[in-house]
Amino acid sequence: MGRVRIGELARATGTTARALRHYEQAGLLSSRRAANGYRVYDERAVVRVRNIRCLLVAGLTLDDVRVFLPCLDGDVAAAPPSDKGLRVASERLAVLNERIAAQTEARDRLEAALRQATGGRSRPVAS
């Protein structure tokens with residue numbers, strides 16, 4: 001099985017070495033140290049990192065992603081969902097919906113204040 005260094009893994013997965021170290025610190029990824037001290041990953045780490053990134057882009061946190069550890073080395077999207085995974089995703093969706101609602105309310109209040117301040121004229125253009 002081949003080995004890849006951190007920079008190679010970062011390039012292959014469209015991420016950064018810093019993110020990879022962060023994933024390692026979170027317990028989602030592991031590496032070995034080469035004789036020269038460089039981090040070296042199994043080439044299968046490419047799939048794992050891509051899956052981690054996919055889950056993060058979907059709105060999950062690194063803590064949430066830990067639930068999916070058993071399937072991070074395969075096709076996460078095609079794997080049958082676990083009850084725990086579905087629960088975590090549902091909880092994260094609820095949190096995101098709450099944040100969106102709060103941001104929408106804040107935007108609406110600001111928009112109303114701007115309308116009042118400008119006498120109903122169109123909003124000033126942001127620069």
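FYI, it's all coordinate maths here, none of it is from the lab. The structure presented is a predicted model; accordingly, all values stated were derived computationally and were not measured. Cβ: placed from backbone, ideal geometry, glycine included. Neighbour counts: every protein chain shown.
Starting from segment 28-127, pick out the chymotrypsin sites (Phe, Trp or Tyr not before Pro) whose DSSP state is loop and whose Cβ has at most 16 other Cβ atoms within 10 Å.
TYR38
Using 0.36 nm per residue, how much length does the chain from GLN25 to ARG50 gain when fully extended, once their Cα-Cα distance is taken away?
The span from GLN25 to ARG50 would gain 7.3 nm if fully extended.
With the crude spin-label approximation of a point 7 Å out along Cα→Cβ, what separation in nm comes out for VAL57 versus LEU86?
2.5 nm
Can you tell me the 0 to 90 degree angle between the C-alpha axis of helix 83-117 and the longest principal axis of the chain, rounded to 10?
Once rounded, one gets 30 degrees.
So how do 87-97, 3-13 stack up, highest first, on mean other-Cβ count within 10 Å?
So the order, starting with the most tightly packed, is 3-13, 87-97.
Between segment 64-127 and segment 1-60, what's the alpha-carbon centroid distance in Å?
The distance from the Cα centre of segment 64-127 to that of segment 1-60 comes to 27 Å.
Could you work out which residue, out of ASP42, ASP83, ASP63, moves most in a Gaussian network model of the chain, that is, has the largest mean-square fluctuation with Cα springs under 10 Å?
Maximum among the listed residues: ASP83.
Take each of the peptides 48-58, 24-34, 107-117, average the number of other beta-carbon atoms within 10 Å over its residues, and list them starting from the highest.
The packing order, highest mean first, is 48-58, 24-34, 107-117.
Could you calculate the contour length gain from ARG32 to ALA79, that is, 0.36 nm times the residue separation minus the distance between their Cα atoms, to one decimal place in nm?
Extra length from ARG32 to ALA79 when fully extended: 14.1 nm.
Helix 45-57 versus the longest principal axis of the chain: what angle, 0 to 90°, nearest 10, using Cα atoms?
Long axis of 45-57 versus the principal axis of the chain: about 10 degrees.
Which ³J(HN,Hα) values in Hz, rounded to whole numbers, follow from the phi angles of segment 18-23 under the Karplus curve 6.51 cos²θ - 1.76 cosθ + 1.60, where θ = phi - 60° and Gly and Pro get x?
Values per residue, Gly and Pro as x: 4, 4, 4, 5, 5, 4 Hz.
Using 0.36 nm per residue, how much length does the chain from ALA112 to ARG99 gain when fully extended, once their Cα-Cα distance is taken away?
That pair, ALA112 and ARG99, stretches by 2.7 nm at full extension.
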